[in-house]
Amino acid sequence: MVERQRTLQELHARRQAFVVKAIEQGAYLRKPEGVSQRVWDRSVNIGVARNLGLSTFERLGSSYDKTWQLARLDNIRFLSTIWESAPQAVQEEYPLSEFLSPKPRAKKERACRSKLKVERFLKVIEEMDNDHKVQEEFDHLSNRAIIRYCSTYPKNSDRPNRITVLKDVIMQGFRYSPRYAHLFADSIGRHGIPIKKARRSLSNPKIPVQNYYYLLARDSQRALNALETDEALTPFKILSLEAA
């Protein structure tokens, strides 16, 4: 009789049970050969948080300034290593292929899920006037979700984008090099205006990681007013024709 295919929920429950057993038996103490202690410690932390918690690869990767792909590889390294270190009885009860065989979600599916996360966020803060609460909601939104949302939406749509990139807000009033963008973001943050930093790493290793700062479109004018009054940013202001 062919065994029915387990659901994703059942696989996750079995993976959790396996990780708990392996940790109780100290399987995580054996560091794999050719891997530094620093990298292994990161793999253990990511593996435990991913399999026993609710953290996403995007959030776990960003906590180490790494991509979600690297966080996923860390998780695979963690599961493979503790499985190899586990007793034979545990290995037979929990085949490693059961945990590693599911393929990652398609890029299009991930992008759709990211868009949904952003839409839920926007719906929650739609009537919210408390900047502190808005920032808390912003902090719970993964960097990758914001990047995907702003890069894919609202193409071919008349609906205004309710999240905007900081550089698009201030380009009319200031001129600055990208390396100084954090000064503008810090100024907005000091004024209590909700803002979010996101990082994008490209496949080309010659291009460094790029930082982006996002804020709500409804706060654009408030942000400009805050920047205009910040004396530290005076050197970056574009002089008007009248002043010239």
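The values are calculated or read from the model by the stated rules, or taken from the named source; none is laboratory data. On a predicted model such as this, the values are computed, not experimentally measured, just so you know. Here the Cβ positions follow ideal geometry from the backbone for every residue, glycine too, while neighbour counts run over all protein chains shown. For accessibility, only protein heavy atoms count, side chains too; no ligands or nucleic acids. Shrake-Rupley method; radii C 1.70, N 1.55, O 1.52, S 1.80 Å.
Some points to look at:
- Residue check for ASP139: modelled with pLDDT of 85 or more, of a type in the set (D, E, K, R) and within 22 Å of SER63 (Cβ to Cβ): yes
- Some residue of segment 5-24 being under 22 Å from the mean Cα position of the chain (by Cα) and part of a helix (DSSP H, G or I): yes
- Answer residue from segment 35-48, given it is among the hydrophobic types (A, V, I, L, M, F, W, C) and assigned to a helix (DSSP H, G or I) and is surrounded by the fewest Cβ atoms within 10 Å (Cβ to Cβ) among those: VAL39
- Checking each residue in segment 164-198 for being modelled with pLDDT under 85 and surrounded by 12 or more Cβ atoms within 10 Å (Cβ to Cβ) picks out MET171, GLY173, TYR176.
- Within segment 43-57, no residue that is closer than 20 Å to ARG30 by Cβ and in contact (Cβ under 8 Å) with a residue 60 or more places away in the chain sits with its Cβ atom under 7 Å from a residue that is of a type in the set (S, T, N, Q) and open to solvent by 30 Å² or more (accessible area, probe 1.4 Å) at 6+ positions apart or across chains.
- Complete set of residues in segment 120-139 that are open to solvent by 10 Å² or more (accessible area, probe 1.4 Å) and either without any contact (Cβ under 8 Å) to a residue 12 or more places away in the chain or of a type in the set (Val, Ile, Thr) (or both): ARG120, LYS123, VAL124, GLU126, GLU127, MET128, ASP129, ASN130, LYS133, GLU136
- The C-beta contact set for segment 169-186 (first residue farther than 9 Å from PHE236 by Cα, second residue open to solvent by 80 Å² or more (accessible area, probe 1.4 Å), distance under 7 angstrom, 6+ apart or interchain) comprises ALA181/LYS167; ALA185/LYS197.
- Once segment 49-66 is narrowed to residues that are in contact with a Phe, Trp or Tyr (Cβ under 9 Å, 6 or more places away or on another chain) and under 18 Å from ARG14 (Cα atoms), the residue that is least open to solvent (accessible area, probe 1.4 Å) is ASN51.
- Condition check for ARG144 on (1) modelled with pLDDT of 80 or more; (2) loosely packed, with under 15 Cβ neighbours inside 10 Å; (3) within 29 Å of TYR64 (Cα to Cα): one failure, at (2).
- Among (1) outside any helix (DSSP H, G or I); (2) at pLDDT 90 or above - the single one ASN161 does not satisfy: (2)
- Scanning segment 70-95 for residues that are surrounded by fewer than 16 Cβ atoms within 10 Å (Cβ to Cβ) and not in a helix (DSSP H, G or I) returns PRO87, PRO95.
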